[in-house]
Structures are given as C-alpha cells and as structure tokens.
1. Hey, with R₀ at 35 Å, roughly what FRET efficiency would A:Ile104 and B:Lys153 work out to, going by the Cβ-Cβ distance, to 0.05?
2. Below 9 angstrom from the Cβ of B:Val59, what's the summed charge of the other residues (Lys, Arg +1; Asp, Glu -1)?
3. Please state the charge dipole magnitude for chain B, taken about the Cα centre, from unit charges on C-beta atoms (+1 on K and R, -1 on D and E), reported in debye and rounded to the nearest 20.
4. Return the distance in nm (one decimal) between the two label points of a simple spin-label model at B:Thr64 and B:Arg244, each offset 7 Å from Cα along Cα→Cβ.
5. How many nm separate the modelled label positions at A:Lys216 and B:Phe117, each set 7 Å beyond the Cα in the direction of the Cβ?
6. Expressed in nm to one decimal, what extension gain is obtained for the pair A:Arg61 and A:Lys478 from 0.36 nm per residue of sequence separation less their Cα-Cα distance?
7. Are there any trypsin sites (Lys or Arg not before Pro) in the stretch B:176-255 that are in a DSSP loop and have at most 15 other Cβ atoms within 10 Å? List them by number.
8. Suppose a student asked you for the relative contact order of the stretch A:2-123, using Cα pairs under 8 Å spaced at least 6 residues apart; what percent would you report?
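We did not get these values from a lab; they are worked out from the coordinates using the rules stated. Computed from a predicted model, the values in this text were never measured in an experiment. Don't worry about glycine lacking a Cβ; one is built from the backbone with ideal geometry, like all the others, and counts go over all protein chains shown.
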Amino acid sequence: MKGKSIGTVIVAEETPNPSEFSFVLTKSEEDFRLQKGMYVTIQSEEGEIIASVLNVFKTNRYFSSPSAVKAYETSGKTLASIFPVDSWEYIIAQAKPLGIFSEIGIKRLLYPVSPGDTVYVPDTGTLSKFLGLDPENGLFLGKIAHHNLEVKVNLTRFLQKHTALLAISGAGKSYTVSIILEELLSRSQEQGRVAVILFDVHGEYKGLSDDSSEFKDKIEFFPGAFIQFATHKLTAGQFASFQPQMSAVQVRELYRILGKLYVTNTKQGKSYLIKDIIEKIENDDNINQRSKEALIGWFYTLESTQLFGQVEKPSLEDDIKAGKLLIVDLSDFTSLRKKQLIMSYFLTQLFDLRKKGKIPPTTIIVEEAHQFAPEASINMGLSRPIIETIAREGRKFFISLVLISQRPVKLSTTALSQCNTHVIMRIVNPYDLDFIGRSSEGIDRETMDSITTLGIGEAIIVGNAVNHPIFVSIRKRKTSALQTMDLEESAKAYDID
Amino acid sequence: MHLKDKINSAIDKISQQILRYNEHRRLFQNLFRSVKNSLNPTEFPDSFGFKTTDKSFVVNCPETNIEGLKIAGVDGGIIHRSLNFFDIALIRAVGVLFYYLPNSNPVVRYFPEENPFPDIVTSIEPLNQNEIESLISIWRMQKEIKCAISLVKEDLPDIIIIDGSVLPYIDYKVINHSEFLVHQYLNLKTLYRQLYSLCQKHHTSLCGIVKDSRSAILTEKMSHLLPHLSKLKEFEKLLEIDYRPIIRQLRDTDLLFQVLDQNERTFEFYLSNFNEKFDKNLPDFDIHCFYLKTAEYDTPLRVEFPILFSNPQDLSQSISALVISVSKHNPEYGLPSVIIEADARARLQEVDADILIDEIASKIGYSSFSLQKRRARSPFTR
Ligand SMILES: Nc1ncnc2c1ncn2[C@@H]1O[C@H](COP(=O)(O)OP(=O)(O)OP(=O)(O)O)[C@@H](O)[C@H]1O
Ligand SMILES: [Mg+2]
C-alpha cells in the first residue's frame, strides 16, 4: 500500500542507478516537509521499492551562477523584482533504494527505478514490516520521527544475540535503558517475559522502584552494602580469575583444598568462609611454603573486601524471576576492583544457574561496560572473561547482555563483536566513530555521518534487530525521572544540607 | 620544411590576419563613433533603401516607467531526432507576461502554462538535410506564433517580444521543391499575418529580438553607401586605403559594439517587407529594424518590428524604451528578462526527449532512438 504521491524521479548525474535516484518534489507538495532519513516508495511490478532519503536540497536556476546574480544586483534591484525567481525553486532529494518489498519478502534492487516514476510516502504498516519491526509484540522504544511510526523491536531479534548501547555521556543511554526496562517489565506471560538484572554503577535507577512507580512490585532494588557472595559456591578457577598471578600449580592445590572443604562442609549442608580456606591451607602439608604464603596472602586481601560470606545476597535463585528486574546497586563502591569482583561473581553464578535451567531466560544490563570488560590488557578486568564467555555462549542458553558504554574503543572487542544489535546515540569522538564504523555491521556511510548530529534521546538502531538502520526518537518514560541532577541542583543540595 | 616550421608559419599568418582585421575594425569603429551624432541618415540617397526618418546615425533612447504595463515575451524549444526516413520532433513554446505593479515584484503569467507538454510532431516526407532543418524551423515558428497569438488575445500586453526574428526567415529556394514544405511555410506566413493584424487592432507593439553576431545587414548597406560619404571630412582618410573589402568583412555587432553606448540605438531602417513575389494580393507589412545596446558589456541586439501603427520613428522610440526597461539590469548580459524567462520555460532537456522518444520508438517497434543517435557517431569517437 502506498500513501500520497510527493514527487517524480528525475535524471541526474548517472542516476537513477540501482543504488541511487533523485526525485523532484511536486510543486503542489512543497509544504510537505521532506527530510533526510525519511522513507519513500515507488511502485514496481515486483513490489514496493522502499528507499531512504539521503539528502534534500533546493535549486533555482536564477541563483545558480554567482556572477550573474552579482551582475544583476549591481542594478540595485533584487533578482525577485526582475524575474519570477520563486517559481524556479525546486526541492530535489537523493534517495537510496533499500529493497523491494512484496508478499514473498524483501529483495535487493538490481535495476534502476525509471525516470518519471512517481514517488510516494510509504504507509506505516508496510514500513514497519519492511524494517523488520514487530508491531504486535515488540518492545516500544520510540518513533521514527518523520513517519510517526512506532518502533517496536522484536524481543528475540533485539536481545538474543546481545545488544550494545553506545554514546557519549549525556546522550541518553541510561534513559534508553529505562525505556527498555519499562518495556520488558510490561510484557505479559503470553508475550514471553525474561528476567532482568541490572548493575547500577551510579545508583541512578533507584527511582524506577519508587512507591509511585507502576513497576515497583516487579523491581527488587538491592543496596550495595548488603552484597555478599556465598563463598562455598566459588570454584578454584573463579578464585584464580580474581587473582591472575596464581600459577597452575597453585590453582591445582587450591582445587584440592576446596575439594576437602566440599566434603567436610558443603556436603554436610554447612557453608564455609575465607578464613576456613586460609586455615585449611595453613594446615596442609603438601603445599610448598612459597605457594602457601602467596595463597594465604591473596585470600587475606579477598577477605578484606568483606564481600565473602556464608550466603549469597541477593540470592539469584530467589530474585531472578521472569518479568522481574533485579537492580544491583554498585554506586557505593569506589574500588573498581571490588565492582569487578561483584560483576564476576554474579555473572558466573547466573550463567551457571541458567545452564542448569534453575533461572528463567535472563537479560543482563551492564552500565559502564568498558570498566567491566576493558579491551586494554594491562588493566585486565576481573569480570572481562565471564562477560566475554556470556557474549560468546550466552545465546545458546538464552542469557543475553546489554552492554552500555561511552567509550566503545575501550570495550572488549570480543564482547562488542558478539553484540549483534547496536543502539547508537550521539558520538563525537573520531576514534569511537571510526571504531563503530568498523564494528557495526550494515552501517553505511550516510548513517555514520549522522551519528555526530544526533540530539539527546535520538538513536540509530543497526544490526540484527532491524532489517535496515533506523533513526529512532526514543520515547518518553512512564516512570519518574532517573536520579540525576544537574550541576545547579547538585550545588544547591550540597549547600543546603 | 619541418612540420614545426610549417605550423609556426601558419600560426604567424593567422596572427597577422587577425591583427590586420582588428586594425581595420578599429578604424571603422573610430570613424563611426566620431560621426555618430553628425551623420544624418535622412540625407542618404533614397536609392540605398534605408527608408529612415532618424536624423542621426545614433539615437538616444528615452527612459520609460513601466509601472502598470504588461510586457510579454515568447520563446520556443525544440528537440529533433532523425532516422533514415522518419523525423520526429518535440516542440513547445511558452509565452510569459510580466505585469508591473507599483512597489511590488511583477505578477507573472504563462501561456499556455508554466510547463506545457511539448507537441510531438512527425514527418515521413522524403527530405534532404537542408529541407529537414527548414521544416524544423517552420514547426518551431508555427508553435511560437500560435502562442503569441493566444497571448495577445487573452491578455492584451503593451508589447510582445519574440525571441528571434519577427519575420519567418526561411530560404524559399530550399523548400520550394517540396509541396509539403511549401504548404507548411504558407501556413506559417498566415499565422504571422494573423499576429500582425491582431497587434495592429489592439495597438500592441510587436518586435523580434535577435542576438546575432554574424549578420552584416547594416555594414553591407553601408559599404555601398560609403563612396558617397567620402566628401565628409571624417571619411577622407578612408580614401587612402581600399576600404570596401574591409567593411564587407565587418559584422554589424563588431562595428556597433564600440559605436553604441548603453541606452543608444542606431537609426531605424528598412529591413524587408513581409510579402514575397507569390503573395501578390495579400496585405503587406514593412519591417524595420535598429540595433540597440541594452548592456554596457554585451553586444547590441537587433530589434526588428513591423510597422503596424504609428510611424517608424515613434515606434522605434517606444519599443527601444520598453526593451531597455527589461534588459538593463545586468551589465554583462543584455537580453530582456521576459525572453530569459520564456527561454528557460520552453527549453527542452535532451534527456527528457530521449526518454519520451525511446518510449514512442519502442511502441512502434524501433530500437532505441537514443541508441541510434549514439551509433550514428564515428566508431572511433566515444
Ligand atoms: N528520550 C529522552 N527524552 C527526554 N529526555 C531525555 C531522553 N534521553 C535522555 N534524556 C535526558 O538527557 C539527560 C542525559 O541522559 P542520560 O543520563 O540517560 O545520559 P547517559 O548517556 O546515560 O549519560 P552518562 O554516560 O553520563 O551516563 C537526562 O537529563 C535525561 O533526562
Ligand atoms: Mg548513564
């Protein structure tokens, strides 16, 4: 189906060709606000050719020669008083065909449209299908600005193969996350619900669970002060990942020690603590003295984090529930290492539980992902291996990641390359831009160019979730604002206290 | 001689010729410039056929206020494709009318409309190249004059300016072998007569404007007259050289570019009359013309007009004033605005024509015309 006709395909510099055409806006439609990024359609025998507008410009033959304009204006009169200049203004658009849409699916266009073809505005239903959206059950993230088309992305396409949300600070990443959360929490059983866990680095998501929030019953906000690991759930390998200097021999020894503790404690239904491990090491005769001292030293440092206890808090098995959100507040921690420890512990447990089918399909949202899975090897994050593992293997077990970062260059390429959907908001740093150009599949030159011009709350979605890159104005939230303050508010709050 | 020497000597020869031509041209330019106000064309012997009433070689044009006036222009566009025995052309003409109101931009109207769909005309007459070219010109003029007629009927302009000659310039010797062509030509003349009568009836000034750098209408007439002018002291110097071949080389605009200043015209003079020998009993019209300089750095325009009412001198003054008023804004480009606009509206794009003509061709079972056109070029050029 087509909407109203707005223009006609013209011949211009080697076009129309299969990858580009130009059209002139019909005179009577000049009030139609044709804009860059809009979609247009042309009827063909095989179906509807959908194209996106790359550029819009105006021409006017009376103003196309600077010297002539200048010469006429030496007479002291305006060109408009000498010629009917207004009627020579034409609006011309360059458009790029994206494909032919018909009942049998979407095909690539291999031949040019014809000069003289009429150009229409596509109707939103067609457009929605063409772009691969899911108007019935999708996550409502916002609108395609120029078409008043609701962007509802299919849950499976959006999350199963992980998503990265990339933008400079202040572009609206966290806001967009809260939209995604609202959508995930609003789903009915029939639509399919996932469990969600979010690591709140700045404590900005607390507002979601306010008393006034319609989602408050579905959200568990877990304060950082109460976080605790169940020490007995940690394997030698995991301890080793906390302490990369550990040698293979030392890991083997630790494995043996933990094996003993398993027999004496875990199997008897008793938990144990770090100090129990230290004691077992001290009393073990088989470990050489150097290793003993090293291991004990490391375990003392771990104990000093005060994160290792008897029981797991929050308890993943209890708090990870379909259609529910668990927010783990990390904002009170100043030590990055501690935050990485927490991330590592919980993600490892989550993956394990999910593999055993003990928790529902889960989405893990990681703010400041470049801190938890940094690319740089010198500052190898403790949590990077598990994030990379989930990025690689999570798909098979329906455990998916949403990685959020303002510095994509610093984010593990392994993790990022497994994110098949990118939600890109405003980015200005040329290194990050270049990096995104290389790491986002299906992103074209024109789309790249517009990333720097995106405003707050505007995003480009590329990759698996959509058939073509789309520009979305992220919708307004239903819940109260995020807990962010501007400088003025913050200064007042401090002063008045 | 080496090739290089041959080239050098050829270049020398050509440069010499150009230098000499420039020198002679300057001689005539200076000469006529010095007598432009004193030379009195009414004193030229009648036998030279100037039929003028202007008393000086160069005349100052009056200024005029165009507020409240309607000034119209007409131009045509044509694209022609030829197969062995089949000619097809797209033709259209557009009339524009600028209505000047006080304190505002001109109100513009188009005839028949802003962007008229072209006529598609075809001929299967067996014509040679010259005949085809004449046919195309006739077709185009028919379209233009029809357009002008409807414009005058509908909107009564004060003046209507036609791009090109105000006469149907067709070489009768070229067309008189083809009955078809003669018929088309006579039809065209009838249209011209209709236009003239209509303008006569409504007192609409009519002129054609020729931006032409090749004709030697005036210099040719002057070359015959010159011997009779040698008694003037300014012309004495001429007697020292053999000036006749030189002035015959000179084109009108070449001479006049330096003689006329802006807002000046030459004296008006008889160009031709409308009727030809075979037109015996039909109403005839005298056509006069003058050269007019509308822009400081552009060549003068030839303005041709039939004497439909009033007298040649008054007509020259009013027509030149009106033409200047719409042509004076660009010191480098002196065509009237109405003609610039009409030309832009009437012009046909080659590509549009290719598309349309290919479509027709495919309907009637020809392979692509535009392809044919490409093939027609030498196989060695790209
Ligand atoms: N779609 C939107 N509609 C309205 N306001 C928005 C939208 N997106 C973001 N904002 C506003 O822009 C500001 C910055 O948004 P946000 O905190 O989400 O940015 P961010 O990208 O997460 O920044 P940082 O990297 O510093 O965490 C906030 O005040 C937020 O309310
Ligand atoms: Mg944020």
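1. The computed FRET efficiency comes out at 0.05.
2. -1
3. It works out to roughly 900 debye.
4. Going from the B:Thr64 label point to the B:Arg244 one covers 4.2 nm.
5. Going from the A:Lys216 label point to the B:Phe117 one covers 7.0 nm.
6. Extra length from A:Arg61 to A:Lys478 when fully extended: 145.1 nm.
7. Within the stretch B:176-255, the qualifying trypsin sites (Lys or Arg not before Pro) (loop, at most 15 other Cβ atoms within 10 Å) are B:Arg214, B:Lys231.
8. 43
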